[in-house]
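Here's the structure we're looking at; comments come further down.
The values are calculated or read from the model by the stated rules, or taken from the named source; none is laboratory data. It should be emphasised that the depicted structure is a prediction, and the values quoted were computed from it without experimental measurement. All Cβ positions, even for glycine, are placed from backbone atoms using ideal geometry, and neighbour counts span all protein chains on display. Each accessible area value is taken on the protein alone, full model and side chains, heavy atoms only, with ligands, DNA and RNA left out. Shrake-Rupley method; radii C 1.70, N 1.55, O 1.52, S 1.80 Å.
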Amino acid sequence: QFFVFCHGLLQLSQLLVSGYLKSSISTIERRYGLSSQTSGLLASFNEVGNTLLIVFISYFGSRVHRPRFIGCGAILVSLAGFLMSLPHFITGPYEYDQSVASMFSNTTDLCQPGVPGSRGNLSDVGCTPHAARENHEVLLVMFIAQALLGIGGVPIQPFGISYIDDFASERNSPLYLGILFSITVIGPGVAFMLGSAMLRFYVDIDKVTGDDVQLTNKDPRWVGAWWLGFLVAASLVAISAVPYFFFPREMPKEVGERDFPLVLLRNLRHPVYLLVVLAQVNLSAMVAGLATFMGKFLERQFSLTASLANMIIGAVNIPGAMVGIVVGGAILKRFQMSLRQCSAMCVLGMFLCLLLAFPLLFLGCPTQKVAGVTYSESSEFGHHTLECNLQCNCPEKAYNPICGSNAIEYISPCSAGCRVVNINADNNSVLNYTNCSCISENGLAGFAKPGTCGTGCSHLFLPFVVLSCLAGILASTSHTPSFMLILRSIQPEDKSFAVGIQFMLLRVLAWMPGPVLYGSAIDTTCILWEKKCDRKAACRYYDNNLFRQR
């Protein structure tokens, strides 16, 4: 029982490390200027190390000291977690464009007529060869950490499960495995809640004092303390690893030797097995992509903070999926279903899920009006947007969005032609910008508030969450019946091997490509890229309708 307790704890903390990355992905994109394709690859890269080893580990499982192997794997996972947070400590503080001169820069992004165009361009500072190299180092460290995370995670699940199954009584074994299985489902939920908590802190909480931070967490330039969660999760893994070095080896009863390639072929030729696994692959690819980018989607569609988006996913969507899995298992047990009934139940669950998910295509709003990006005033007023700020010599890359009193968003105070900034003396934050030549109201120069105008979609947020949660519940009712279809359609002695192959196929065909495909699709909907040293960095604005549909 102590082993089951330790293993539950270890699995939870391991999932915290891998799940936490998904919760902070939009933040890491913003901090290091990554496209969603790159961040999707990063999120799925731990599966690479995992896949290479999982089959052999499952095959040689009975010949090694399993607890010690689990302990070593856990140490690797913990190391990977600490490595993930390393980029924060090897790079300088986060820099963003500001209207108030500060300790970072004495340039501002207000409209200053008469200053020549060679004004200190804010974003160009980071274009030295050193900065470019720093960015490569960050990516390299993160990809290595993800690969280690995958490799370290290999022995944890298969060895733990077989160890428990070997030594628990026949009566208790299903109970123990059920406990572990429910933990693997809860884990990601806890990870998203951890993300929600950590992203409320400012990223450089350890490098700058509170007074120097002029951003609130509602600001589109806000970057939360993404690295903190990795330290927490990695420490938990390290603590959970300790007991494993003290569990006995205790050789289980030997199973007759098996022929590796032969079993593989026998399983792959089985039509029911293949069809069910392919169905699971399709579903898992969707889940993998959603888990990675759902938070980002909520942030963009409904103008939420990263913290709140994670809270919704961790507190609503993931528990919904757990409910679905439990309900599916309960129905299965209550009605003692045949294989044909199992497959009918899977089909029904999926069909109902599709019906409920279809309206989600329409629940959202277009991108807010952004001058010069999604909207140009020339159609309405006859003068082109840019004429009003020609004399301002704006730095072209400045990004410090403000919302005009005419409900149009401008990329920076300079592009709106604002000449005056009013500051709240108490906490050094910007109150508003005035004397803006591009924001005309009744012929007078208008004013603007700092921050984005938002999509005005808050009324659709609740229906979206409810529908997506219900669709998730329905889809996950097919989880247990589809496993039953696999376990009952193959020869009993191939069971553990068939499940190993199934997970390998899921990794190669779903969990690896899923996030990359999603990320690439999201990238195609970007309408304004941040430029760093002439390369595309993170996306500033998406076409929200395309983002939602794709």
Would you confirm, using the coordinates I've provided, whether residue 440 is outside the structural domain of residue 362 (by the TED database) and under 30 Å from residue 405 (Cβ atoms)?
yes
Take region 397-407 and flag every residue that is open to solvent by 10 Å² or more (accessible area, probe 1.4 Å) and part of a strand (DSSP E or B).
403
Within region 506-525, considering residues that are within 18 Å of the chain's Cα centre (by Cα) and hydrophobic (A, V, I, L, M, F, W, C), the one farthest from residue 278 (Cα to Cα)
522
Please indicate, with yes or no, whether at least one residue in region 121-130 is outside the structural domain of residue 415 (by the TED database), hydroxyl-bearing (Ser, Thr, Tyr), touching a Phe, Trp or Tyr at 6+ places or on another chain (Cβ under 9 Å) and modelled with pLDDT under 80.
yes
Evaluate region 62-75: report whether one residue or more is modelled with pLDDT of 85 or more and within 22 Å of the chain's Cα centre (by Cα).
no
Answer yes if at least one residue in region 207-217 is among the β-branched types (Val, Ile, Thr), closer than 30 Å to residue 429 by Cβ and surrounded by fewer than 16 Cβ atoms within 10 Å (Cβ to Cβ), and no otherwise.
yes
Six or more apart or on different chains, Cβ under 6 Å: which pairs go from a residue in region 131-147 that's within 13 Å of residue 34 (Cβ to Cβ) to one that's open to solvent by less than 30 Å² (accessible area, probe 1.4 Å) and modelled with pLDDT of 80 or more? Could you list them?
138/32; 138/87; 142/42
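This table checks each residue for (1) open to solvent by 50 Å² or more (accessible area, probe 1.4 Å); (2) within 34 Å of the chain's Cα centre (by Cα); (3) closer than 20 Å to residue 541 by Cβ; (4) in the same structural domain as residue 332 (by the TED database).
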| position | (1), (2), (3), (4) |
| --- | --- |
| 409 | no, yes, yes, no |
| 435 | yes, no, no, no |
| 464 | no, yes, no, yes |
| 478 | no, yes, no, yes |
| 504 | yes, yes, no, yes |
Tell me yes or no: at least one residue of region 135-143 is in the same structural domain as residue 75 (by the TED database), surrounded by fewer than 17 Cβ atoms within 10 Å (Cβ to Cβ) and among the β-branched types (Val, Ile, Thr).
yes
Before we move on, is residue 487 of a type in the set (A, V, I, L, M, F, W, C) and out of contact with any Phe, Trp or Tyr (no Cβ under 6 Å at 6 or more places or on another chain)?
yes
Only one of these is buried (at least 22 other Cβ atoms within 10 Å of the Cβ), closer than 23 Å to residue 238 by Cβ and hydrophobic (A, V, I, L, M, F, W, C): 25, 70, 75. Name it.
70
Which residue out of 316, 370 is within 30 Å of residue 401 (Cβ to Cβ), in contact with a strand residue (DSSP E or B) (Cβ under 7 Å, 6 or more places away or on another chain) and of a type in the set (A, V, I, L, M, F, W, C)?
370
Looking for something open to solvent by 30 Å² or more (accessible area, probe 1.4 Å), out of contact with any helix residue (DSSP H, G or I) (no Cβ under 6 Å at 6 or more places or on another chain), at pLDDT 90 or above and of a type in the set (Val, Ile, Thr) - is there at least one such residue anywhere in region 514-526?
yes
By residue number, the members of region 497-539 that are within 20 Å of residue 42 (Cβ to Cβ) and assigned to a strand (DSSP E or B) are 526, 529, 530, 532, 535, 536, 537, 538, 539
Only one residue in 231, 180 is part of a helix (DSSP H, G or I), touching a His at 6+ places or on another chain (Cβ under 8 Å) and modelled with pLDDT of 80 or more. Which one?
180
Being part of a helix (DSSP H, G or I) and open to solvent by 40 Å² or more (accessible area, probe 1.4 Å) is the filter here, so list the residues in region 163-177 that pass it.
165, 166, 167, 174, 175, 177
